[in-house]
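For reference, the structure discussed in these notes is given below.
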Amino acid sequence: MSTTLIKNIKELVQVTTTDNRLVLRGKEMSELPTLQNAWLLIEGERIKDFGSMETCPSVEAATIDATGRMVFPTWCDSHTHLVFAGSREGEFVDRINGLSYEEIARRGGGILNSAQRLQDTSPEALLEQSYERLKEVIRYGTGVIEIKSGYGLTVESELKILRTIRELKKMSNVTIKATFLGAHAIPKAYKDNRAGYINLLIHEMLPQIAIEGLADYIDVFCEKVAFSVAETEQIIEAGLKYGLKPKIHTNQFNCMGGIQASVKHRAISVDHLEVVNEDEIKCLQDSNTIATLLPSAPFFINDHYPPARQLIEAGLPVALATDFNPGSTPSGRMSFVLSLACIKMRMTPEEAINAATINGAAALELQQNYGSIGIGKIANFFITKEIPSIGYLPYAFGSNLIDQVFLKGKLVD
Ligand code: NIG
Ligand code: FE
């Protein structure tokens, strides 16, 4: 078993010695425990121990001197659509010229545009481009990632995406969870037969996905341009029958009851929340559902940002994720999400780091093993370049300040 010792760490961030910091709600999010002038010992794929330099052990180990540099647990990006085909910069220009994201979707662009491209792309080509994106986000410090289907919209193409995710799991040390989002849009062929598509999803896609064990969660895009609340509930219930818990896209543009429907079915998370009303906040307060915010999406489509302060002040657990996808967020860079969270949503650096690590892990039910530096946890962490303080990370928004990334105890080339 390989042993690695990182010593002289300027600050070891998000350390934990208790089992109480597994999901942080409201005020708890402002506390970020760190250890200055520290060491970290890795054995095999797990964290063996850590402490401050006065107690640094002398062990036979590959040793890294981290003088001036900090160590963070890797980001847990709990919401992405990383497996997609091609790009949509044409729509980007359409929006510059005045069309809205929803207008483009209504014209048959948007998700349907990506679905057509994906159907025309071979599994090999899809895997190749997805793997390139995955390697890029790992370089930016992501060590746990959720990836959704949803650009297939036929039995064959939804399976193509989920099988691609299965291949990615074999190709990388990054930890991946898969979500079935067949209910991302109504495909063109079912434009006048919504019930027909939902039937296909429930009676053909879901059983095959379950047989092959291809998904951990079920997602629905609950929105005026996509699926109604009643349809959302129908699809969540079908997913639950196969053991897929819900993580739901809702409240991106409209408050329609998607949060209430998700909470009723004990959703692990509700994601987006650019718009959210008092009743919905109350509903979340009575639940364990995590509010996952995706600020790169409103940044890119020029929309308003989720009310993060209001959610935190209501005592809710908030997670941050990228939403990496070709339409609303062609970026999987978590450090930019942190900058947006601080600049546009007035989260403090401590809150943003908690939201991107331990709460992101909790949004994937992986908080026991990921999201903080604790003895026995998986050794997923990154070493920064020399930085003056924790706040420098979201402050220097254009720089890549991550020097080395370790996944499951191994340095990523
Ligand atoms: O989370 N809102 C729904 N789905 C994606 C974007 C889909 C697309 O435009 O391709 C999102 O923003
Ligand atoms: Fe999304």
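The values are calculated or read from the model by the stated rules, or taken from the named source; none is laboratory data. Remember, predicted model here, so these are calculated numbers, not experimental data. No Cβ is skipped: glycine too gets one built from the backbone with ideal geometry, and neighbour counts run over all protein chains shown. For the accessible areas, the whole protein counts, side chains as well, though only heavy atoms, and no ligand, DNA or RNA atoms are used. Shrake-Rupley method; radii C 1.70, N 1.55, O 1.52, S 1.80 Å.
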Contact list please: Cβ distance under 8 Å, first residue in the stretch 112-137 and in the same structural domain as His184 (by TED's automatic domain parsing) and within 17 Å of Asp77 (Cα to Cα), second residue outside any helix (DSSP H, G or I) and basic (Lys, Arg), pairs at least six apart or on different chains. Val137/Arg333
List pairs: first in the stretch 376-398 and among the charged types (D, E, K, R), second not in a strand (DSSP E or B), Cβ under 7 Å, 6+ apart or cross-chain? Lys377/Asn369; Lys377/Tyr370; Lys385/Leu401; Glu386/Gly68
Would you mind stating whether Val13 is in contact (Cβ under 8 Å) with a residue 60 or more places away in the chain and open to solvent by 40 Å² or more (accessible area, probe 1.4 Å)? no
Among the residues of the stretch 211-226, which ones are among the β-branched types (Val, Ile, Thr) and either within 12 Å of ligand 1 (Cβ to nearest atom) or surrounded by 22 or more Cβ atoms within 10 Å (Cβ to Cβ) (or both)? Ile218, Val220, Val225
So, Gly243, is that one of a type in the set (Gly, Ala, Ser), surrounded by fewer than 19 Cβ atoms within 10 Å (Cβ to Cβ) and either at positive phi or within 16 Å of ligand 2 (Cβ to nearest atom) (or both) or not? yes
Testing His79 on (1) within 16 Å of ligand 2 (Cβ to nearest atom); (2) open to solvent by 40 Å² or more (accessible area, probe 1.4 Å), one condition comes back false. Which one is that? (2)
For the structure I just gave you, tell me whether Lys27 is open to solvent by 40 Å² or more (accessible area, probe 1.4 Å), outside any strand (DSSP E or B) and basic (Lys, Arg). yes
Out of the residues in the stretch 61-96 that are farther than 30 Å from Ile353 by Cα and charged (D, E, K, R), which is farthest from the chain's Cα centre (by Cα)? Asp94
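Only residues that are surrounded by fewer than 19 Cβ atoms within 10 Å (Cβ to Cβ) and on the phi < 0 side of the Ramachandran plot: list them for the stretch 375-386, please.
Quick first cut of the stretch 375-386, residues surrounded by fewer than 19 Cβ atoms within 10 Å (Cβ to Cβ) only: 375-376, 385-386.
Residues satisfying the conditions are Ile375, Lys385, Glu386.
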